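Just dropping this structure here.
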Amino acid sequence: MSRDDEARAIRETELEKDRARYGLLAILVSNLAIAGVAIFGVWRLDGDKAVIVGVLTAAFTAVSSMTTAYLGIKAISNTAKSIALGDAAARRHAEAVPAAPPAPRTP
């Protein structure tokens with residue numbers, strides 16, 4: 001592997017780490033915002049239990065949907081990348097192995 005390939009691999013790894021960090025940060029901030037709005041809504045409802053249940057159910061649904069979607073997309077992305085890298089490595093290996101010479105013909 002050349003130095004350029006190594007540098008490119010390191011940059012791609014760092015980019016993936018940054019994407020994962022910022023994606024997780026976005027999910028956490030969104031979930032905290034939803035929880036904050038739900039808490040504020042429950043506080044302002046002054047004990048109307050039917051409406052409180054609806055607000056909390058909607059908040060829980062939103063948080064779980066966003067988190068599940070992020071984790072699912074991330075898992076699929078990681079799987080697709082590993083498959084693509086595996087195929088590329090297999091192709092490079094196949095190109096590096098020379099073909100066997102043809103067998104000599106016998107009369």
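Out of the total accessible area of segment 11-87 (probe 1.4 Å, heavy atoms of protein only), what percent is carbon and sulfur?
Result for segment 11-87: 73 percent of the exposed heavy-atom area is carbon or sulfur.
Right, next: For ALA20 and THR106, compute 0.36 nm times the residue count separating them, minus their Cα-Cα distance, and round to one decimal in nm.
Taking 0.36 nm per residue and subtracting the Cα distance, the gain is 24.8 nm.
Ok, one more. Taking R0 as 25 Å, what FRET efficiency do you get between THR57 and LYS81 from their Cβ-Cβ distance, rounded to the nearest 0.05?
Rounded to the nearest 0.05, the efficiency is 0.10.
With a 1.4 Å probe and every protein chain left in place, tell me how much accessible area PHE60 has, in Å² to the nearest 10.
150
The values are calculated or read from the model by the stated rules, or taken from the named source; none is laboratory data. Predicted model, so just to flag it, every value in this text is computed and none were measured. Here the Cβ is made from the backbone with ideal geometry for all residues, glycine too, and neighbour counts use every protein chain on show. What goes into the accessible areas is simple: the full protein's heavy atoms, side chains included, and nothing from ligands, DNA or RNA. Shrake-Rupley method; radii C 1.70, N 1.55, O 1.52, S 1.80 Å.
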